[in-house]
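The values are calculated or read from the model by the stated rules, or taken from the named source; none is laboratory data. Remember, predicted model here, so these are calculated numbers, not experimental data. No Cβ is skipped: glycine too gets one built from the backbone with ideal geometry, and neighbour counts run over all protein chains shown. Note: accessible area is taken over every heavy atom of the protein model, side chains too, but ligands, DNA and RNA are not part of it. Shrake-Rupley method; radii C 1.70, N 1.55, O 1.52, S 1.80 Å.
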Amino acid sequence: MKLRPIHQGPLLEFYAPDYSTALDLPYIDAGLRAGFPSPADDFIELRIDINKEYIKNRDTTFFARVKGNSMVNAGIFDGDLLIIDKSLEPQNNKIAVCQIDGAFTVKRIKIEQDVVWLIAENENYQPIKVTPENELMIWGIVTASIKKF
């Protein structure tokens, strides 16, 4: 699957998926062992399509590459590629791509009574209290983070 760039900002780069190609990759459904491999593992092979595995709602899914370290304690690091579904309902404790006062960010949503907070997963960043003076738009819920090693 290719990614088509659609927007670049200081904290996120947005991409749309290009489904014009299919890529079935080998998949071993026996679990990975950190010790000695089993000789039988050489004969266990299935096929997996990453698009089908990670993209549940094709028309409402987009990607964003993370810039920054405000979500490291949630396992989201600088350079990670996020899969985001805009059809999912924002809920308490979900990680979302948000636009607050014109700036994009990735934060955990925290709802307390009548107050919405955008919480960083890094103690070096303060929570953002959303007030009536703020303009907040939830662009989508993060469903996966893909890393490069």
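Close amide H partners of VAL116, meaning residues 5 or more places away or on another chain with modelled amide H under 5 Å apart, are VAL130. Measuring only protein heavy atoms, the 1.4 Å probe finds GLU89 accessible over about 130 Å². Across the range 127-142, coupling constants 3J(HN,Hα) worked out from phi with the 6.51/-1.76/1.60 Karplus curve, θ = phi - 60°, read x, 9, 8, 8, 10, x, 6, 7, 9, 10, 10, 8, 7, x, 9, 6 Hz, and Gly and Pro carry x.
Between ILE111 and ASN92, residue separation times 0.36 nm minus the direct Cα-Cα distance comes to 6.3 nm. Among the trypsin sites (Lys or Arg not before Pro) within the range 46-107, those in coil by DSSP and having at most 14 neighbouring Cβ atoms inside 10 Å are LYS56. Cβ under 14 Å from LYS94's Cβ, LYS94 left aside: what net charge do those residues give with Lys, Arg +1 and Asp, Glu -1? Spelling it out: positives minus negatives among the neighbours equals +1. Taking 0.36 nm per residue of separation and subtracting the current Cα-Cα distance, fully stretching the chain between ILE50 and ASN134 would add 26.5 nm.
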